[in-house]
Each structure stands twice: as structure tokens, then as C-alpha cells.
Amino acid sequence: MTLLNMSADECKLFMDKLFNVCIPKHVTAFDLSEEERKGSYWLGTDTLDSMLHGGLHAGSLTEFAGPSGVGKTQWCLYIAILTVIAKRDSSNNITTMYIDTETAFRPERIVEIISNKYPEHTTEISKYLSKIYLYQPKTVSSLTEILESLEVIAVEKDVGLLIVDSIASLARKEITSSSSLSNIARTNQLASWAAKLKCLAQQLNICVVVTNQVTTQVAKKELHVTEEIHSLDEEDGELHTGSRERTFSRHVTPALGNTWTHCVNTRFILQFKDSKTRQLIIAKSPIAPFATFNYTIGERGINIEEHEGFYSYSGSDPGLHKIKVQQGIIL
């Protein structure tokens, strides 16, 4: 009342208006379904897109995690091309914001994919390239500044897809010490980035795709006796029960720890199958079952093969039906 020079009744009306603006509006399940359908980004194969109920969704954070050379950047370029070329709504001129922290973005690769996959669009390649806005931050602070300014830019440029390749690179380069203070600093920085990315995805209804590296974790197992035979030494009277050893198990997991893991809505694990074929694994999804897809990388970008097995929901039966399970996949 003092600051705004208002009466008590005027302040009450003013506060009521603020509450009406700030309180989230309710939506029906039908409205949400229609919004997700319009804001979906297809990945180019009917089986995978159907399993994901339309592909990648606006308002969500999707992660591609895998070792070096498995094709994370190729997936980013491929998704960027599908986004700017796809004509889901002729009145909507969708653009892509691409944040490249590893200087791996190559426009000539985009030209190659479009020329081979969409030869009918060859004459419009320059138009599609102009729909991809590229940032290449070199430091943690520069990436933070870009994320802080993206809200206004995304609205001005009608951005439908935001790609960050990769989210782990700068954090691991600049904060390399193993001290507890460095770990806390990295955790806080990642939490800040994750909050900003999720905020951008939800408030602007855009799809956010990030790539992440993987790391090997070593887990200790219990001590065990290596020999079952017990023997009594007659000279010193001692009982020998065999040697004891502690074993270790190794497993590969996405980098950046639990703080980042819980911020991701959908996670795809990429791994090598053989010298030419890779695999995409749906490891985490609120709507899709666990499944694996083989893919190769070529002149047309990502070539996704039909999957060999998965768990699927039946449209006529609300129960979960086991169709077939891909064997030999270890996460």
C-alpha cells in the first residue's frame, strides 16, 4: 500500500490479478494429447516413432548418451534436418537452435544428407541451412550466458528444437579436479543448466535434445573365500580357511551423475554392435517400453533398421504383453 500508494481494497484487487496470472492453468487430457501431437518431431521410422507416440515431444528433455564415435552428433544433425524440412504445419516456420560445445557441427554434412535423402529439396538447401542457428561456446560462463538469453531469441526466431551437443563437454573440461568443492561446483552448475533447459522446454513448448558422454563405474562386491577346503596346520595349530578376495564389477553409465539423470525425461543409449552397425536403446521413457533398434550412418544420415524385440502395450488390452525381448543387451 505504501509503495504503490493504494488503498487496502485496491491492493487486494491487484493481488488477485497477480495470482490469476501466476497460477498454472488446467488442461484436459484431450488438449494435452493434441498439443503433443502438434509438437512432435519424427525420427524417420514408423516403428520407433509409433513406440514413442509421435517421436520426440515438445516440452520435454531428451538425452542421447554413448561413447565417442558412436554417432551422437550425427543424430543431432539428422534430427535438425528432419525438423526444418518436415511440414507438419504449413503456417509454422520451425527453426532449430544448435549449441555446439565441441565444434563438431559441419554444414557440409547437412548438405550431403539433404542431397541424398531429400533430392527434391536440393534447390532449397540454403533456405534450410538458414533455419539452423548455431552457437559455439568455449567456456562454462559463455554457455550459461547463451542459455540465459535463449528465451527471447527462441520466441523471435520461432524455435521448435534446441540441441546442445554436448552438455558434458564444458563441465568436464573446466571442472576437472576430484576435490569435493569441484564436485559441488559441477553439480550446482549442471543443476542450473538443467533447470534452465527444462524451463525453456516447458514454457516455450519446444523440444530440447542434449548429448552426453558415458563413464565407467566400478562397484565393489563382498569379500568371498576363494577355497572351500579348510586345513589345520599341525605345527602351529592354526586353522587355515583359504584366501579371501574382493571382486569388482564394471558398468557403463551416462556421465554427470544423479543430479543430471533425474532431469532427463527420455534417455537413448547408443552403443556399438559391430564395426558397421550401432544400436539405439530406449533406456528411459515415460511412454515407451524398453526396446532396441539397429542403425547405420551413411550418406542419407541415420538409417534405422527394424527392431528385433521389445515389450509393447496392446491397444485392445490394457495389460502388458511380452512380444519378444532382445537378448544380449547389458546396461
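The values are calculated or read from the model by the stated rules, or taken from the named source; none is laboratory data. Predicted, not measured: the structure shown is a model, and the values here were computed from it. Glycine gets a Cβ as well: all are built from the backbone with ideal geometry, and neighbour counts include every protein chain shown. Calculation scope for accessible area: heavy atoms of the full protein, side chains included, ligands and nucleic acids excluded. Shrake-Rupley method; radii C 1.70, N 1.55, O 1.52, S 1.80 Å.
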Inset, instruction - Give region 276-299 a look and list any residue that's closer than 21 Å to GLU112 by Cβ and either crowded, with 18+ Cβ neighbours inside 10 Å or within 17 Å of the chain's Cα centre (by Cα) (or both), or say none. - result: ARG278, TYR295
Inset, instruction - Go through (1) open to solvent by 90 Å² or more (accessible area, probe 1.4 Å); (2) at pLDDT 85 or above and name the single condition LEU270 misses. - result: (1)
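With the condition kept exactly as written, say whether any residue in region 35-58 is charged (D, E, K, R), more than 30 Å from GLU120 (Cβ to Cβ), open to solvent by 10 Å² or more (accessible area, probe 1.4 Å) and out of contact with any Asp or Glu (no Cβ under 9 Å at 6 or more places or on another chain). Please lay out each step first, then the result.
To start, the set of residues in region 35-58 that are charged (D, E, K, R) comprises 35-38, 46, 49.
Remaining after also requiring more than 30 Å from GLU120 (Cβ to Cβ): 35.
Next, only the ones that are open to solvent by 10 Å² or more (accessible area, probe 1.4 Å) stay: 35.
From what's left, out of contact with any Asp or Glu (no Cβ under 9 Å at 6 or more places or on another chain): 35.
For region 35-58, residues charged (D, E, K, R), more than 30 Å from GLU120 (Cβ to Cβ), open to solvent by 10 Å² or more (accessible area, probe 1.4 Å) and out of contact with any Asp or Glu (no Cβ under 9 Å at 6 or more places or on another chain): present.
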Inset, instruction - Check whether at least one residue in region 108-127 is assigned to a loop (DSSP other than H, G, I, E, B), under 26 Å from LEU170 (Cα atoms), open to solvent by 50 Å² or more (accessible area, probe 1.4 Å) and not aliphatic (A, V, I, L, M), and report yes or no. - result: no
